[in-house]
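Structure, as structure tokens:
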Amino acid sequence: MDNQLQSWIEALCSGDVRSLARAISLVENRGQGAYELLKAVFPHSGKARVIGLTGPPGAGKSTLVDQLAHHYRRAQRTVGIVAVDPTSPYTGGAILGDRIRMQSHHADPGIYIRSMATRGALGGLAHTTADVATVMDASGRDVILIETVGVGQDEVDIVRLADVTIVILVPGMGDDVQTIKAGIMEIADIFVINKSDREGAERVEREILSMQSLASSSRKNGADAWTPPIVKTVASEGKGIAELGAAIEKYEAYLAQDNRLLAKTTHNWETRLTEMLRDAVLERVVRARLGDGELARCAAEVAEHKQDPYSLVEKMVSAYVKA
């Protein structure tokens with residue numbers, strides 16, 4: 001490691017905000033030296049508690065993240081926030097930047113907020129969200145709050161990154177739980193019914209409880225399994241935040257038993273390593289076999305039905321493997 005990178009890593013790990021901002025920009029943009037940086041900071045990570053918050057648009061995720069940040073700062077814990085926003089079709093940047101909705105933290109050095117554009121990624125996160133969380137972790141943040149983009153029922157990538165996954169629902173969503181149960185309902189460690197002062201909050205709670213009773217009747221070893229609690233909040237008024245903090249602590253205590261956190265993290269890394277290997281192999285295949293407009297030429301042949309895509313991909317992979 002050269003002296004410049006070493007100095008950068010030392011400043012980053014000491015909590016220097018400017019070094020953290022530079023590192024996140026490099027990692028997010030996959031700039032030159034990004035992987036060397038990630039390799040260097042990874043040994044310093046693994047201490048932060050990563051909390052993911054997901055749910056449909058309009059559920060109040062940003063407000064809840066803001067209130068949770070206040071909750072942890074009152075406990076003298078440093079906080080990093082990664083807010084994943086939709087991508088602008090014109091600039092490629094994040095729109096509806098959550099930092100606008102969290103201005104009350106601007107003078108607090110104990111909180112660092114970063115908005116990220118999805119840049120076409122599905123599943124509610126950006127491609128580099130996990131790496132950005134690693135950099136924040138290495139900078140000494142005690143808690144990292146990750147707010148997903150809010151795309152709907154297929155927004156489940158957060159479960160492979162967060163230690164604690166919070167699914168936020170609100171009354172008045174038509175069929176409520178039924179509208180999204182096919183996806184994110186199954187990943188919750190904790191349910192939050194936000195805007196619970198609205199009519200219909202009790203109905204949402206009943207539907208969650210009904211879903212849980214059906215799941216527990218078919219679950220093996222049910223006595224040892226975690227049943228996600230339901231916390232009612234009115235985030236705009238700060239109501240229920242202390243109860244949510246207590247529910248998170250209770251789940252953390254559950255994870256601390258019988259190496260559950262290690263087992264969960266190991267399972268998550270299996271998935272992430274598979275994704276990293278796939279991306280690395282794809283990048284090498286493209287670089288080795290598809291330079292100088294070759295991909296565009298192949299795409300044109302497929303579009304004109306001169307070649308089928310299945311044989312083409314098989315040929316490319318075989319050629320790379322033999323090489």
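Out of the residues in region 189-201 meeting the condition of being aliphatic (A, V, I, L, M) and surrounded by fewer than 22 Cβ atoms within 10 Å (Cβ to Cβ), tell me which one is modelled with the lowest pLDDT.
Here is the first cut: in region 189-201, the ones aliphatic (A, V, I, L, M) are 190, 192-193, 201.
Next, only the ones that are surrounded by fewer than 22 Cβ atoms within 10 Å (Cβ to Cβ) stay: 190, 201.
Numbers: ILE190: 96, ALA201: 93.
Among those residues, the one meeting the criterion is ALA201.
Taking helices (runs of 4 or more DSSP H) that do not extend beyond region 1-53, which have at least 2 residues that are in contact with a His (Cβ under 9 Å, 6 or more places away or on another chain)?
Values: elements: 3-13, 17-28, 34-41.
Correct list: 3-13.
Only one of ASP137, ASP175 is surrounded by fewer than 24 Cβ atoms within 10 Å (Cβ to Cβ) and either in contact with a helix residue (DSSP H, G or I) (Cβ under 7 Å, 6 or more places away or on another chain) or modelled with pLDDT of 95 or more (or both); which? Please lay out each step first, then the result.
Working: ASP175 fails: either in contact with a helix residue (DSSP H, G or I) (Cβ under 7 Å, 6 or more places away or on another chain) or modelled with pLDDT of 95 or more (or both).
Of the residues listed, the single one that is surrounded by fewer than 24 Cβ atoms within 10 Å (Cβ to Cβ) and either in contact with a helix residue (DSSP H, G or I) (Cβ under 7 Å, 6 or more places away or on another chain) or modelled with pLDDT of 95 or more (or both) is ASP137.
When you scan region 249-323 for helices (runs of 4 or more DSSP H) that lie fully inside it, which ones turn up with 1 or more residues that are within 27 Å of PRO228 (Cβ to Cβ) and modelled with pLDDT under 90? Working first, answer last.
Details: elements: 260-289, 294-303, 309-322.
In region 249-323, the matching helices (runs of 4 or more DSSP H) lie at 260-289.
Exactly one condition in (1) assigned by TED's automatic domain parsing to the domain that holds ARG198; (2) out of contact with any Gly (no Cβ under 6 Å at 6 or more places or on another chain); (3) at pLDDT 90 or above; (4) under 19 Å from THR148 (Cβ atoms) is not met by GLY58; state its number.
Evaluating GLY58 over (1) assigned by TED's automatic domain parsing to the domain that holds ARG198; (2) out of contact with any Gly (no Cβ under 6 Å at 6 or more places or on another chain); (3) at pLDDT 90 or above; (4) under 19 Å from THR148 (Cβ atoms) leaves (3) as the failure.
The values are calculated or read from the model by the stated rules, or taken from the named source; none is laboratory data. Everything numeric here is computed off the predicted structure, so don't read it as measured data. Virtual Cβ from ideal backbone geometry, glycine too; neighbours counted across all protein chains shown.
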